[in-house]
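Down below is the structure, laid out as structure tokens.
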Amino acid sequence: KQEVTQIPAALSVPEGENLVLNCSFTDSAIYNLQWFRQDPGKGLTSLLLIQSSQREQTSGRLNASLDKSSGRSTLYIAASQPGDSATYLCAVGQGGSEKLVFGKGTKLTVNP
Amino acid sequence: KAGVTQTPRYLIKTRGQQVTLSCSPISGHRSVSWYQQTPGQGLQFLFEYFSETQRNKGNFPGRFSGRQFSNSRSEMNVSTLELGDSALYLCASSPRTGNGYTFGSGTRLTVV
């Protein structure tokens with residue numbers, strides 16, 4: 001059974017800092033991995049999708065990496081801003097299934 | 001391009017009642033999935049439909065059911081509501097396997 005863990009559960013940083021969010025998964029037989037952002041009481045916004053054959057994806061100040069063999073992914077946020085404050089969720093797509101398995105998320109607070 | 005639309009946004013029901021939630025996927029997306037989000041359990045997969053067929057089902061009681069119509073719109077139904085069914089219900093759509101998911105804003109269900 002796939003399990004996804006995100007550490008830390010919460011993170012508070014000053015504005016301008018570069019930061020890394022971690023995601024680990026127990027079964028390396030994944031189809032893809034997707035990072036989402038969720039603002040309080042809202043739905044999920046897709047940030048980056050990494051296919052199992054890829055090592056990383058970049059979008060603006062965001063960079064996500066994937067190491068299937070070690071069961072890890074990281075989301076790097078450069079030059080953080082208060083508007084980046086949200087909960088960041090990692091989700092793993094399993095081969096042969098459309099089901100996403102989510103981590104519990106990292107709640108990020110960027111202080112002005 | 002319109003996103004995933006969920007209606008209603010908020011719902012208050014009494015224990016024992018039933019409820020139907022609606023999801024309109026992005027045009028051209030044939031896969032629709034449903035997730036339940038609670039503070040304690042996080043995001044949990046309910047079921048996934050593709051071309052009107054349920055392909056996957058999560059570990060939820062039979063009170064939770066769904067369907068998909070020929071235009072890809074989907075509904076989920078919860079019968080005999082319990083207090084523990086209070087949650088944010090999220091719908092997601094995808095054009096095909098491996099393309100990642102786009103989520104709607106969710107329906108906030110409160111059972112009193």
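Quick note: the coordinates plus some simple rules give every number you see, no bench work behind them. Remember, predicted model here, so these are calculated numbers, not experimental data. Here Cβ is always computed from backbone atoms with ideal geometry, including for glycine, and neighbour counts include all displayed protein chains.
Could you work out the mean count of beta carbons from other protein chains within 10 Å of each residue's beta carbon in A:33-43?
The per-residue average across the peptide is 3.
For B:103-109, what's the mean count of beta carbons from other chains sitting within 10 Å of each residue's beta carbon?
Per-residue shielding by partner chains comes out at 3.
Order by neighbour count: B:PHE69, B:PHE50, fewest other Cβ atoms within 10 Å first, most last.
Result, fewest neighbours first: B:PHE69, B:PHE50.
Springs between alpha-carbon pairs under 10 angstrom, Gaussian network model over chain A: which of A:PRO14, A:PRO40, A:PRO82 fluctuates most?
A:PRO40
With a 10 Å Cβ neighbour count serving as the proxy for reagent exposure, in which order, fewest first, do A:SER69, B:SER31, B:SER79, B:SER105 appear?
Fewest to most other Cβ atoms nearby, the residues stand as A:SER69, B:SER79, B:SER105, B:SER31.
Which whole-number percent gives the relative contact order of chain B, counting Cα pairs below 8 Å spaced six or more residues apart?
Once normalised by length, the contact order is 36 percent.
Could you tell me the number of lysine pairs in chain A with C-alpha atoms less than 23 Å from each other, where the two lysines are 8 or more residues apart or belong to different chains?
Number of lysine pairs found: 8.
Cβ under 12 Å from A:SER73's Cβ, A:SER73 left aside: what net charge do those residues give with Lys, Arg +1 and Asp, Glu -1?
That sum, taken over residues with Cβ under 12 Å, equals +1.
Which whole-Hz ³J(HN,Hα) couplings does the stretch B:105-112 yield from phi under the Karplus relation 6.51 cos²θ - 1.76 cosθ + 1.60, θ = phi - 60°, glycine and proline marked x?
Once θ is set to phi - 60°, the couplings for the stretch B:105-112 become 7, x, 10, 8, 9, 10, 10, 10 Hz.
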